[in-house]
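One structure is given here, and the rest of the page talks about it.
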Amino acid sequence: MNTGLVGGLFTLVLTLVFWFGRGNWSALSAMFPNAVLITTGVLSVALVIVSLVRPHTKPVFVDGNRTRIVVTAIALLLWAWSTRWLGFYLAALIMFTGLMLYIASAAQPLTPRKSLGWVAIAAGELAILYFIFSSLLAVPLPAGLFAP
């Protein structure tokens, strides 16, 4: 399968869906999302062109555990769906911690101490991301259960 072509076309379609799904934002609010969408669109077109000029085919799911890949994809979809009700921070904390523990358990046995370490790492990373998006970039994130 020409994974570059498939990935480029999928990303291009997804970019177009988000581009035409934009709301009536102010110019300042739309600056960051538009920059991301334009960059993603340009890179996906470049990937499609490169994959047509120099096609490189490889089988899908050669490396890695297929079950782990599918579980991770489902977890990401559930996270995106649950942020509306749980809020960004709580949904991300549950999902990222769960995924970190799930993936780490394949490589090493998990002890309560290691598990708490993973939870602390996830909580710290998410706190930084939440601060950057909500305070510095002024991106409104779903509050969920923490809504006033």
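Where a number appears in this text, it was derived from the coordinates with a stated rule and is not lab data. Note that the coordinates shown come from a computational prediction; the quantities given were computed from them, not determined experimentally. FYI the Cβ positions are ideal-geometry reconstructions off the backbone, even for glycines, and counts take in every protein chain you see.
Observations
- About its Cα centre, the stretch 12-124 has a charge dipole of approximately 160 debye under the convention of +1 per Lys or Arg Cβ and -1 per Asp or Glu Cβ, with nothing else charged.
- The stretch 110-136 and the stretch 1-15 have Cα centres separated by 32 Å.
- Rounded if a/c under 1.5, otherwise prolate or oblate - the chain, Cα gyration tensor axes: oblate
- For the stretch 3-53, the Stokes-Einstein estimate of translational diffusion at 10 °C and a viscosity of 1.306 mPa s comes to 139 µm²/s, using the Kirkwood hydrodynamic radius over alpha-carbon pairs.
- Positive-end residue of Ala123, Leu110, Thr40, charge dipole of the chain with Cβ unit charges: Leu110
- With a simple spin-label model that places each label point 7 Å from the Cα along the Cα-to-Cβ direction, the separation between Leu77 and Lys58 comes to 2.5 nm.
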